[in-house]
Amino acid sequence: MLTFSAFRRGTNQAVSAVTALTGVISGAASIWIFLLMILICADIIGRSMFNQPVQGVAEIVANSIVAIVFLQVAHALMSGRMTRTDILIAWLEEERPFAAGIIRIFFHMAGIFVFLMIAQGTWPKLVDAWAENEFFGAQGVFTAPVWPIKACLFGGSILACLAFATQALHDIKVMLNAGRMASLRVRHSRDVRPFGWGFIVFFVIVLLLGYATAVSDLGRIGIGLATIGFMLVLIFSGAHIAVVLILLSFLGIWLIRDNPTVAVRSLALAADGAINRYLFGIVPLFVLMGLIVDVADIGRDAYRVAAWLLQRIRGGLGMATVAANAVFASITGISLASAAMFSRVAVPQMEANGYNKRFALGVVAGSSVLGMLIPPSLLLFIFGVLAEQSIGALFLAAIVPGIVLALAFCIGIYVLATLRPRMVMQSHRPVEIEGETWRTATIKLMPIFALVIIVLGGIYTGFFTPTEAGAAGAAAAILVALVKRSLTWKKFWRVLVETGLVSVSILVLIIAASMYSRMLTLSTIPQQITVMFAEFGFDLIGFMFVYLLLVIVMGMILDSTSIMLILLPLCLPIVSELGGNLIWFGIVTVIAVEIGLLTPPFGLTVYVVKATIADRSTTLGDIFGGTFPFVLMMTLVTVILILFPGLSLIFEK
């Protein structure tokens, strides 16, 4: 008879084996990303210096992105990097592990179903590609077989199923252990922790309601609305967001078309076609550049120079943090990286110079959102993909709003330091940044300016595409890190692995958004909402204020990318119908969803700051309190941009 100890050992061994297997495959895919960077840089050099571009670069990159994502998705799951909202499920895991185990097992079964459907839809394409010797590229110029890419997609989907199954086994172990512990408590004391049956019953009721909805005779709109409703419930419950979007969209298409084959084909098409574009190379390449820049301590240098320049001004170190964040944002595009780094760099320096710790934490968390507005920005890229707008145009449009937001932060800090000095300073110790001169400051800023010129200058002058700018920027960042002797082989490998995990979590969500958009189009919900707003007499400005409120509320429980993936397919047609400029709408959207990174209870940036700082006595409430003035400033700037769209369109041609 299988004992619990034997089952636990077997489960641990299975988890370790699958983690090792997926880690090796994911590592190979991370190396693939680095090779793509080299390939694109070789194409840039060959084209610009020798008039000899490398043939087939765009096709290779586009197909490689699909293969890389599916080779890494299983390891992202095993590493806990698949995006989800873990507020409720984290509490259940701590307080009611039995109920959490049952709910998580359902989520893992849903993941198995989703990736099995992707594998099922991909298998015929793989067989045809092998049998018919399909290729991509242009005959006589460059060709490559299609079947290896299809094989990566199919194999990666099967590996993801294995990863979900392993996670389900782990949760069964957790459930059995919770049952044993409860039994022991019954024997030895009356202090018995409940199993959480109420949560289990509630979850079962939700599933039964979902089944009843599926078998009822709803129209297109009813099916679409029910799908969105259950989607939000499952996301809030802690399911992986990409899995929920794909699963509910799959079921919605099935019910609307009354044909499972159409749903399977739509899913296979989304998995293979949603990210099969050269443009999507921008995601891993900019992530790689941002992580290398962090390793090279460029952000630390920017902060020290800004602190030295502003040290004599009221709230000067706070302004220095904003300025350094703005500079760091202009070469990374990742706000969470800014939050993590400046928590280590700026907070200790500000505390040492008499600043209130709550204020210091608030400045770091608040100003880190500049990373997702000041170009290059991954959120602007995601918006551009979803809205089918030019990435370069979005980057140009973000320059003035980014400067306005940074200035608003600096003015707000000065006003607080003047009118509420105790809120900013806890003592009046003099601020002294020693050892800095104009010469050392210039040396520290040179790599920053070089990267800005390469990345943004290349994009704005048209010399680089956004993807080429990412490759050139990543290569330049690696060179800077090597010159500064801050990049070891160990650090470089860690950066490559992290690049893959961050990239796959974003790109899988884009695949899910593609499926979700197909379902919404079939349901006709966006069109009906547009008609409804017209009947109520809402103009564009009225709709934008409703939209802003909705985004802020959703930001309390969801991350920025998820908010955009859920709302944009619904709202883009409405904005277009009301005469709004989608580039301007993108800038407003990015700032609005970034407010969610600072608002409780989710506030992802706040959690990053809390995890990074060394002082464990600091509570989440302290950090949320410190960020509140910055939430108000961001809201004010968003309102200004809504009322004055021209601020976002100054550089529009």
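Across region 97-120, the qualifying residues are those that are open to solvent by less than 10 Å² (accessible area, probe 1.4 Å) and of a type in the set (G, A, S), and the one among them that is nearest to the chain's Cα centre (by Cα) is G111. You will find that of F230, F202, the residue that is touching a Leu at 6+ places or on another chain (Cβ under 7 Å), over 26 Å from N63 (Cβ atoms) and open to solvent by 30 Å² or more (accessible area, probe 1.4 Å) is F230 and no other.
Residues in region 486-495 that are open to solvent by 20 Å² or more (accessible area, probe 1.4 Å) and assigned to a helix (DSSP H, G or I): W489, K490, K491, F492, W493, R494. One residue alone among I298, I334 is modelled with pLDDT under 80, more than 19 Å from the chain's Cα centre (by Cα) and surrounded by 24 or more Cβ atoms within 10 Å (Cβ to Cβ), and that residue is I298. Here P466 fulfils each of the conditions (1) at pLDDT 85 or above; (2) more than 30 Å from R220 (Cα to Cα) apart from (1). Counting only helices (runs of 4 or more DSSP H) that sit completely within region 396-485, those holding 1 or more residues that are of a type in the set (D, E) correspond to 466-483.
Residues checked against (1) polar (S, T, N, Q); (2) touching a helix residue (DSSP H, G or I) at 6+ places or on another chain (Cβ under 7 Å):
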| position | (1), (2) |
| --- | --- |
| Q55 | yes, no |
| E59 | no, no |
| T85 | yes, yes |
| I149 | no, yes |
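The single condition from (1) open to solvent by less than 10 Å² (accessible area, probe 1.4 Å); (2) of a type in the set (F, W, Y); (3) more than 30 Å from G222 (Cβ to Cβ); (4) more than 20 Å from the chain's Cα centre (by Cα) that W308 fails is (1). Filtering T589, T561 for residues that are under 20 Å from the mean Cα position of the chain (by Cα), over 16 Å from F543 (Cα atoms) and of a type in the set (S, T, Y) leaves a single hit, T561.
Okay, residues lined up against (1) assigned to a helix (DSSP H, G or I); (2) among the aliphatic types (A, V, I, L, M); (3) modelled with pLDDT under 85:
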position: R8; (1), (2), (3): yes, no, yes
position: I25; (1), (2), (3): yes, yes, no
position: F34; (1), (2), (3): yes, no, no
position: L39; (1), (2), (3): yes, yes, no
position: I45; (1), (2), (3): yes, yes, no
position: S48; (1), (2), (3): yes, no, no
position: L71; (1), (2), (3): yes, yes, no
position: H75; (1), (2), (3): yes, no, no
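Taken over region 445-461, the criterion of being open to solvent by 50 Å² or more (accessible area, probe 1.4 Å) and in contact (Cβ under 8 Å) with a residue 12 or more places away in the chain is satisfied by I454, Y460. Comparison of S30, S48 shows that the only residue that is open to solvent by less than 40 Å² (accessible area, probe 1.4 Å) and either free of Cβ contacts under 8 Å to residues at least 12 places away in the same chain or of a type in the set (S, T, N, Q) (or both) is S30.
Do we have any residue at all in region 106-116 that's more than 30 Å from G462 (Cβ to Cβ), in a helix (DSSP H, G or I) and at pLDDT below 90? Yes, region 106-116 contains at least one residue that is more than 30 Å from G462 (Cβ to Cβ), in a helix (DSSP H, G or I) and at pLDDT below 90. Going through (1) open to solvent by less than 10 Å² (accessible area, probe 1.4 Å); (2) under 17 Å from D622 (Cα atoms) one by one, L379 falls short only on (2). Scan region 466-496 residue by residue and report those that are among the β-branched types (V, I, T) and under 22 Å from the mean Cα position of the chain (by Cα). Selection gives T467, V495. Looking at this structure, is I642 modelled with pLDDT of 80 or more, buried (at least 17 other Cβ atoms within 10 Å of the Cβ) and more than 22 Å from V508 (Cα to Cα)? Answer is yes for this residue.
Scoring V73 on the criteria (1) closer than 25 Å to E498 by Cβ; (2) touching a Gly at 6+ places or on another chain (Cβ under 9 Å); (3) open to solvent by 40 Å² or more (accessible area, probe 1.4 Å) leaves a single failure, condition (3).
When L2 is tested against (1) open to solvent by 60 Å² or more (accessible area, probe 1.4 Å); (2) modelled with pLDDT of 85 or more; (3) of a type in the set (A, V, I, L, M), just one condition goes unmet, and that condition is (2).
Taking the criterion of being assigned to a helix (DSSP H, G or I) and open to solvent by 10 Å² or more (accessible area, probe 1.4 Å), the residues of region 311-329 that qualify are M319, A323, A326, V327.
Among the residues that make up region 54-65, is at least one of them outside any helix (DSSP H, G or I) and of a type in the set (D, E)? No; the residues of region 54-65 include none that is outside any helix (DSSP H, G or I) and of a type in the set (D, E).
The single condition among (1) on the phi < 0 side of the Ramachandran plot; (2) over 29 Å from the mean Cα position of the chain (by Cα) that L71 does not meet is (2). Taking residues in region 470-493 that are more than 27 Å from G392 (Cβ to Cβ), and partners anywhere that are polar (S, T, N, Q) and assigned to a helix (DSSP H, G or I), the pairs with Cβ atoms closer than 9 Å and at least 6 places apart or on different chains are W493/S30.
The values are calculated or read from the model by the stated rules, or taken from the named source; none is laboratory data. Note that this is a predicted model, so its numbers are computed, not measured. We place every Cβ from the backbone using ideal geometry, glycine too, and count neighbours over all the protein chains shown. Keep in mind that these areas ignore ligands, DNA and RNA; they rest on the heavy atoms of the full protein, side chains included. Shrake-Rupley method; radii C 1.70, N 1.55, O 1.52, S 1.80 Å.
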